[in-house]
Amino acid sequence: MKFRITLIILLLALESSAQSLFNGKNLNGWYMDVPELEKDFSLRKPFVAREGMLVSLGTPLGHLITEKEFENYRLEVVYRFPGEPGNCGVLVHASSHRFLYDMFPKSIEVQMMHENAGDFWVIGEDIQVPDMEARRGPKENWGVTEGKGRRILNLTDGSEKPLGEWNHMLIECQGDEVKVWVNGDLINHGFGATATKGKIAIQAEGAEVEFRKLELTKL
């Protein structure tokens with residue numbers, strides 16, 4: 001009985017420490033880094049608040065980045081592609097802007113691309129997984145910059161819901177480890193990350209994506 005009460009108290013404490021990164025009304029707490037907007041201010045902004053959701057419109061390409069840095073947390077993301085399937089991602093431990101291809105911040109990307117959710121893409125930072133060569137390709141090609149083997153495959157491509165349905169992604173960053181679950185399945189677990197804290201970023205990468213939950217719980 002004592003253990004059960006302690007567990008309930010712990011769960012309630014975790015729940016009470018959760019904070020939403022999106023207030024449902026505007027993009028307070030975030031800022032955009034969109035290179036094309038600097039060239040043409042008449043272009044639409046690719047991130048908007050709409051009907052209580054945060055929406056990445058997909059274009060122009062860029063990132064929505066938290067103003068604060070975070071470390072040792074769980075990030076709960078509920079998202080869907082409402083129309084055409086496409087690409088997007090959540091970047092953790094983000095730092096230097098436009099580190100890669102004059103676009104992507106230095107970070108570790110948790111892929112959300114339809115039918116590829118949970119892959120890691122390393123951008124300036126790096127991370128390890130078991131069976132690295134099987135999941136990343138030949139070791140001599142590995143790297144964290146342009147033209148290198150930066151993609152680390154997930155453990156399963158069968159965990160996503162059909163197009164248009166809501167997916168639940170949980171990203172846990174603790175120390176130098178990053179774990180990813182999609183709809184309850186553990187689909188990636190990296191360790192030895194070269195960064196353990198940083199900002200969180202959402203991509204605009206060609207497809208519209210709706211987010212109805214972005215909630216962070218400190219560990």
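When only Cα pairs below 8 angstrom with a gap of at least 6 residues are kept, the chain shows a relative contact order of 32 percent. I want to make sure I understand the PRE zone here: with the label point 7 angstrom from the Cα of LEU219 toward its beta carbon, which residues in the stretch 83-98 have backbone N atoms less than 20 Å away? From the stretch 83-98, the list is 90-95. Pairs of Lys residues in the chain, spaced 8 or more positions apart or belonging to different chains, with C-alpha separations under 15 angstrom: 12 in total. Considering only alpha-carbon pairs that sit under 8 angstrom and 6 or more positions apart, the relative contact order computed for the stretch 115-219 is 26 percent.
Using +1 on the beta carbon of Lys and Arg, -1 on that of Asp and Glu, and nothing else charged, what's the dipole of the chain about the Cα centre, debye to 20?
So the magnitude is around 600 debye.
Beta bridges assigned by DSSP with both partners in the stretch 30-174 are antiparallel in approximately 95 percent of cases.
No value in this document is a laboratory result; all are computed from the given coordinates. Bear in mind that the values here come from a model prediction, so they are computed numbers and not experimental data. Using ideal geometry, Cβ is built from the backbone for each residue, glycine included, and neighbour counts are taken over all protein chains shown.
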